[in-house]
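Beneath this line is the structure, given in structure tokens, with notes to follow.
The values are calculated or read from the model by the stated rules, or taken from the named source; none is laboratory data. Predicted model only: the values in this text are computed from it and were never measured. All Cβ positions, glycine included, derive from the backbone under ideal geometry; neighbour counts span all protein chains shown. Ligands, DNA and RNA are stripped out before the accessible areas are found, and what is left, the full protein with its side chains, is counted by its heavy atoms. Shrake-Rupley method; radii C 1.70, N 1.55, O 1.52, S 1.80 Å.
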Amino acid sequence: MASSATTSISNDELVTFLRKYKLAVQASVTPSGAPQSAVVGFAVSDALEIIFDTLKSTRKYQNLVANPRISLVIGWDHDATVQIDGIADFPEGEELARIREVYFVPYPDGRDRLAWDGITHVRVRPRWLRYSDFTTDPPRIVERSF
């Protein structure tokens with residue numbers, strides 16, 4: 001399958017696309033090397049950071065603490081998708097407060113979850129992504145490294 005002549009995509013285009021969605025499939029690896037995936041509700045910052053919440057008791061949290069490499073797939077239901085490989089971290093202090101505010105835009109109920117024991121927020125910074133739009137002919141497929 002040939003890709004279109006468009007070989008770039010701006011951060012603004014990506015943020016606009018990603019904000020059309022609320023769910024992502026995230027994949028990580030257990031300390032023993034086994035794959036693990038889950039559906040997460042996410043938000044995206046203007047700086048293209050992906051943010052989601054989780055409990056410290058979850059497999060994904062334990063995996064990401066041991067190995068912060070993560071993959072996400074977003075937007076599979078309308079013939080366009082973004083695959084993201086990145087690095088996850090767990091900000092603290094002012095940075096945590098900042099990313100929580102980003103997360104609370106699509107998930108205002110996330111404020112209520114702050115009372116849950118073990119709740120934390122994960123930030124993913126992309127290192128590589130592939131945007132694929134199969135609604136055009138030829139399809140628009142763009143890869144970026146960060």
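Expressed as a fraction of 2.2 N^0.38 Å, the value expected for a compact globular protein of N residues, the C-alpha radius of gyration of the chain is 1.07. Report summary: the helix-based calculation at 222 nm, which adds -39500 (n - 2.57) for every DSSP H run with n ≥ 4 and divides by the residues of the chain, gives -6000 deg cm²/dmol. When the square roots of the Cα gyration tensor eigenvalues are ordered a ≥ b ≥ c, the ratio a/c for region 78-146 is 1.5 or more and a/b exceeds b/c, which makes its shape prolate. Counting only heavy atoms of the protein chains and using a 1.4 Å probe, residue 21 has close to 30 Å² of accessible surface. Charged side chains reduced to their Cβ positions (Lys and Arg at +1, Asp and Glu at -1) give region 53-124 a dipole of some 240 debye around its Cα centre. Using Cβ point charges alone (K and R +1, D and E -1), the dipole size of the chain about the Cα centre works out to roughly 340 debye. Helix 93-104 and the longest principal axis of the C-alpha atoms of the chain enclose an angle of approximately 60°. Within the set of other residues whose C-beta is less than 14 Å from the C-beta of residue 31, count the net charge using Lys and Arg as +1 and Asp and Glu as -1. Neighbourhood net charge equals +3. Along the axis of the charge dipole computed for the chain (Cβ charges of +1 for Lys and Arg, -1 for Asp and Glu, origin at the Cα centre), the listed residues 14, 33, 83 are led at the positive end by 33. Note on region 105-146 and region 24-71: Cα centroid distance 11 Å, given to the nearest whole angstrom.
For region 61-146, averaging the sequence separation of C-alpha pairs within contact (under 8 Å, six or more residues apart) and dividing by the residue count gives a relative contact order of 31 percent.
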